[in-house]
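K.L.:
One structure, pasted below without further comment.
The values are calculated or read from the model by the stated rules, or taken from the named source; none is laboratory data. Remember, predicted model here, so these are calculated numbers, not experimental data. No Cβ is skipped: glycine too gets one built from the backbone with ideal geometry, and neighbour counts run over all protein chains shown.
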Amino acid sequence: MKKIIVALDQGTSSSRAIAFDDRGVKIAESQKEFTQIFPKDGWVEHDPEQIWQSQYEVLCEVLHKVGPQNVEALGITNQRETVIVWDARSGKPIYNAIVWQDRRTAGYCSFLESHQHSGMIREKTGLKLDPYFSATKLKWILDNVPGARQKAGAGELRFGTVDTYLLWRLTAGRNHATDYSNASRTMLFNIHSLEWDKELLSLFDIPAELLPEIYPSSHFFGTFEFEGSKIPICSIIGDQQSALFGQLCLEKGDVKNTYGTGCFLLMNTGDKLVKSKNGLLSTIAWGLDGKVTYALEGSVFVAGAVVQWLRDGIGIIKSSAQVEELASSVEDSAGVYFVPALTGLGAPYWNPQARGTIVGLSRGTTAAHIARAALEGIAFEVMDMVKLMETESQIAIHQLKVDGGAAANGLLLQIQADLLDTQVIRPMELETTALGAAYMAGLQIGMWKSVEELKGHWQAGARFAGRIGEAERLERIENWHKAIKKTLE
């Protein structure tokens with residue numbers, strides 16, 4: 001029997017478990033969606049018990065498929081920044097999980113901005129002061145759940161991002177820990193000293209007793225007992241960092257982009273922390289072999305979500321998969337440009353009030369032109385981010401590795417290659433997020449002796465190179481920036 005590692009991939013809309021063999025080949029998987037909760041406009045929550053139950057059920061299903069006795073280790077990768085607070089004795093959450101997408105603390109962030117705290121926060125954490133990150137969500141729970149502050153001060157509560165909560169449940173409350181990558185997204189962690197920061201804890205009024213211990217991403221985190229088998233949990237890593245590792249972007253300057261609901265572009269910056277001046281985030285990629293690897297990160301708020309809007313909002317496609325066929329039925333977008341700012345614009349524009357804009361409509365515009373313009377809009381946004389990342393890092397990007405659900409769309413990737421005039425590479429295995437956690441766990445237990453051994457596992461599934469001339473490319477980029485200008489007016 002081949003050696004097996006099971007990765008738990010706990011995402012924003014579903015929980016998955018995927019088993020990989022010692023060549024990094026997927027051999028079993030299971031997935032279960034869970035409920036999205038929207039109590040008020042701008043609020044997004046999950047039921048922590050649903051998160052746990054869905055993750056536990058898919059894990060059990062995969063373990064039964066491969067045999068728990070054959071599993072060498074578990075790895076955990078997770079939606080980042082989402083906050084859960086629970087009772088230390090009962091394990092019962094005191095409030096729903098507040099999801100990374102939640103904007104309820106925007107006013108408090110503006111207050112902190114007006115009091116000149118944003119510079120200190122960025123210097124210590126590498127993050128932009130924003131409701132996206134965990135600190136203000138945690139403060140909100142402590143301030144708004146009756147009795148929470150008193151219990152927190154008495155050491156009766158525990159805080160964690162989703163990885164920490166899963167670890168607590170998997171180990172029956174024995175282990176309360178996280179890794180560098182997830183800690184670096186809380187806005188409470190000093191990415192220079194690699195510890196919870198006392199000044200930040202004081203600013204947000206967070207008792208240190210709430211916080212988990214912090215370890216490298218490849219580490220023995222505890223043991224999961226299942227039907228007589230004791231399975232070590234040997235990695236924890238945030239989902240986007242895990243995809244970077246799963247794509248084997250191991251060298252300084254290596255870049256990956258994940259096309260999901262939004263887009264997440266990460267560049268490995270090695271042992272150097274690159275400070276952005278234009279809204280990119282400096283973050284920890286992972287901790288491994290006694291070293292910390294840093295990354296630059298940029299986010300596009302809307303990517304696959306614009307395809308969902310074409311389906312659910314205006315009904316020009318019946319399924320997301322149809323967008324490629326419809327967009328391919330025309331040679332170009334006939335002068336239509338679609339800025340998919342349905343929930344604002346991220347880097348380099350950082351305008352949460354911006355909204356989607358379509359320009360260049362004519363009597364000859366068809367649904368196919370709008371569909372193609374939507375795909376081009378995603379690619380243009382990623383292009384802006386790649387160019388910004390090159391400027392900030394002073395590193396030329398010669399190839400872009402891609403993954404995520406929308407990376408299955410060949411037309412999108414061809415458009416991306418045309419706009420970047422660089423090679424876009426889709427791997428054979430698209431489950432790079434889960435694979436990164438599996439690799440981390442395998443390194444911890446010695447299934448693979450070094451990252452060098454892993455390099456032979458990665459295989460390109462498809463390569464896309466630019467096909468348009470320089471003049472056409474520059475004209476399209478100029479028109480895109482005109483459309484952006486109209487969006488920001």
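K.L.:
Among what's in segment 349-387 and is of a type in the set (Lys, Arg) and out of contact with any helix residue (DSSP H, G or I) (no Cβ under 8 Å at 6 or more places or on another chain), pick the residue that is surrounded by the most Cβ atoms within 10 Å (Cβ to Cβ).
P.N.:
LYS387
K.L.:
Give me the pairs: first residue in segment 38-53 and in a helix (DSSP H, G or I), second residue loosely packed, with under 15 Cβ neighbours inside 10 Å, beta-carbon distance under 8 Å, and six or more apart or on different chains, which are they?
P.N.:
Cβ pairs passing all conditions: GLN50/THR35.
K.L.:
Sticking with this one: Being in contact with a strand residue (DSSP E or B) (Cβ under 6 Å, 6 or more places away or on another chain), of a type in the set (Lys, Arg) and assigned by TED's automatic domain parsing to the domain that holds ILE395 narrows it down to one of LYS256, LYS277, LYS291, so name that one. Let's see the steps before the verdict.
P.N.:
Values: LYS277 fails: in contact with a strand residue (DSSP E or B) (Cβ under 6 Å, 6 or more places away or on another chain); LYS291 fails: in contact with a strand residue (DSSP E or B) (Cβ under 6 Å, 6 or more places away or on another chain).
Sole residue among the options that is in contact with a strand residue (DSSP E or B) (Cβ under 6 Å, 6 or more places away or on another chain), of a type in the set (Lys, Arg) and assigned by TED's automatic domain parsing to the domain that holds ILE395: LYS256.
K.L.:
With the requirement that a residue be part of a helix (DSSP H, G or I), aliphatic (A, V, I, L, M) and under 30 Å from CYS234 (Cα atoms), what does segment 407-443 give you? Give the derivation first.
P.N.:
Looking only at segment 407-443, we keep the residues that are part of a helix (DSSP H, G or I), and these are 407-408, 410-420, 432-443.
Now narrow it down to the ones that are aliphatic (A, V, I, L, M): 407-408, 411-413, 415, 417, 419-420, 434-435, 437-438, 440-441, 443.
Within segment 407-443, ALA407, ALA434, LEU435, ALA437, ALA438, MET440, ALA441, LEU443 meet the criteria.
K.L.:
Looking at GLU297, GLU251, which one is over 25 Å from LYS449 (Cβ atoms), of a type in the set (Asp, Glu) and either part of a loop (DSSP other than H, G, I, E, B) or in contact (Cβ under 8 Å) with a residue 12 or more places away in the chain (or both)?
P.N.:
Values: GLU251 fails: over 25 Å from LYS449 (Cβ atoms).
Being over 25 Å from LYS449 (Cβ atoms), of a type in the set (Asp, Glu) and either part of a loop (DSSP other than H, G, I, E, B) or in contact (Cβ under 8 Å) with a residue 12 or more places away in the chain (or both) holds for just one of GLU297, GLU251, which is GLU297.
K.L.:
Here are the criteria: (1) closer than 22 Å to ASN190 by Cα; (2) more than 16 Å from the chain's Cα centre (by Cα); (3) at pLDDT below 90. Tell me which single one TYR132 does not satisfy.
P.N.:
Only one criterion in (1) closer than 22 Å to ASN190 by Cα; (2) more than 16 Å from the chain's Cα centre (by Cα); (3) at pLDDT below 90 is unmet by TYR132, namely (2).
K.L.:
Filter segment 300-330 down to residues that are in a loop (DSSP other than H, G, I, E, B), out of contact with any His (no Cβ under 7 Å at 6 or more places or on another chain) and of a type outside the set (Gly, Ala, Ser), then give me how many there are.
P.N.:
6
K.L.:
Right, next: Look at segment 427-486 and say how many of its residues are among the polar types (S, T, N, Q), in contact with a Pro (Cβ under 7 Å, 6 or more places away or on another chain) and surrounded by 15 or more Cβ atoms within 10 Å (Cβ to Cβ).
P.N.:
Final tally of qualifying residues: 0.
K.L.:
Out of GLY287, GLY313, report the one residue that is in contact (Cβ under 8 Å) with a residue 24 or more places away in the chain and of a type in the set (Gly, Ala, Ser).
P.N.:
Going through GLY287, GLY313 in turn, just one is in contact (Cβ under 8 Å) with a residue 24 or more places away in the chain and of a type in the set (Gly, Ala, Ser): GLY287.
K.L.:
Moving to a separate point now. Could you say whether any residue in segment 335-345 is more than 30 Å from LYS277 (Cα to Cα) and crowded, with 17+ Cβ neighbours inside 10 Å?
P.N.:
The answer is yes, given that some residue of segment 335-345 is more than 30 Å from LYS277 (Cα to Cα) and crowded, with 17+ Cβ neighbours inside 10 Å.
K.L.:
Could you figure out which of (1) modelled with pLDDT of 90 or more; (2) under 30 Å from CYS234 (Cβ atoms) isn't true of SER362?
P.N.:
So SER362 meets the others, but not (2).
K.L.:
As an exercise: evaluate ARG372 against (1) under 28 Å from ALA17 (Cβ atoms); (2) at pLDDT 90 or above and give the number of the one condition it does not meet.
P.N.:
Here ARG372 clears every test but (1).
K.L.:
Kindly evaluate ASN144 against the criterion of being of a type in the set (S, T, N, Q) and surrounded by fewer than 18 Cβ atoms within 10 Å (Cβ to Cβ). Break it down into steps so the answer makes sense when it comes.
P.N.:
Numbers: of a type in the set (S, T, N, Q): yes; surrounded by fewer than 18 Cβ atoms within 10 Å (Cβ to Cβ): yes.
Against the criterion (of a type in the set (S, T, N, Q) and surrounded by fewer than 18 Cβ atoms within 10 Å (Cβ to Cβ)), ASN144 qualifies.
K.L.:
Of the residues that sit in segment 34-77 and are modelled with pLDDT of 95 or more and in contact with an Asp or Glu (Cβ under 7 Å, 6 or more places away or on another chain), which one is nearest to GLU431 (Cα to Cα)?
P.N.:
By that ranking, first place goes to THR77.
K.L.:
Further question on the same structure: Can you work out which of the residues in segment 149-164 that are touching a helix residue (DSSP H, G or I) at 6+ places or on another chain (Cβ under 7 Å), at pLDDT below 95 and in a helix (DSSP H, G or I) is farthest from ASP9 (Cα to Cα)?
P.N.:
Here the residue is ARG149.
K.L.:
Pull out all pairs, ordered by first then second residue, where Cβ-Cβ is under 6 Å, the residues are six or more apart or on different chains, the first lies in segment 466-489 and is among the aromatic types (Phe, Trp, Tyr), and the second is surrounded by 12 or more Cβ atoms within 10 Å (Cβ to Cβ) and in a helix (DSSP H, G or I).
P.N.:
Pairs that qualify, where the first residue is among the aromatic types (Phe, Trp, Tyr) and the partner is surrounded by 12 or more Cβ atoms within 10 Å (Cβ to Cβ) and in a helix (DSSP H, G or I), are TRP480/PHE380.
K.L.:
Output the number of residues of segment 27-56 satisfying the condition of being out of contact with any strand residue (DSSP E or B) (no Cβ under 6 Å at 6 or more places or on another chain), within 30 Å of LEU454 (Cβ to Cβ) and of a type outside the set (Ser, Thr, Tyr).
P.N.:
Qualifying residue count, segment 27-56: 1.
K.L.:
Among the residues of segment 69-107, what is the count of those that are among the β-branched types (Val, Ile, Thr), touching a Ser or Thr at 6+ places or on another chain (Cβ under 9 Å) and in a strand (DSSP E or B)?
P.N.:
Matching residues across segment 69-107 total 6.
K.L.:
So is TRP140 within 18 Å of ASP47 (Cα to Cα), in contact (Cβ under 8 Å) with a residue 24 or more places away in the chain and more than 18 Å from the chain's Cα centre (by Cα) or not?
P.N.:
Answer is yes for this residue.
K.L.:
Of all the residues that make up segment 191-209, how many are of a type in the set (Asp, Glu), under 17 Å from GLY126 (Cβ atoms) and part of a helix (DSSP H, G or I)? Show your work before the answer.
P.N.:
Start the filter on segment 191-209 by keeping residues that are of a type in the set (Asp, Glu), which leaves 195, 197, 199, 205, 209.
Filter again for under 17 Å from GLY126 (Cβ atoms), leaving 195, 197, 199.
Filter once more, so that each one left must be part of a helix (DSSP H, G or I): 199.
Number of matching residues: 1.
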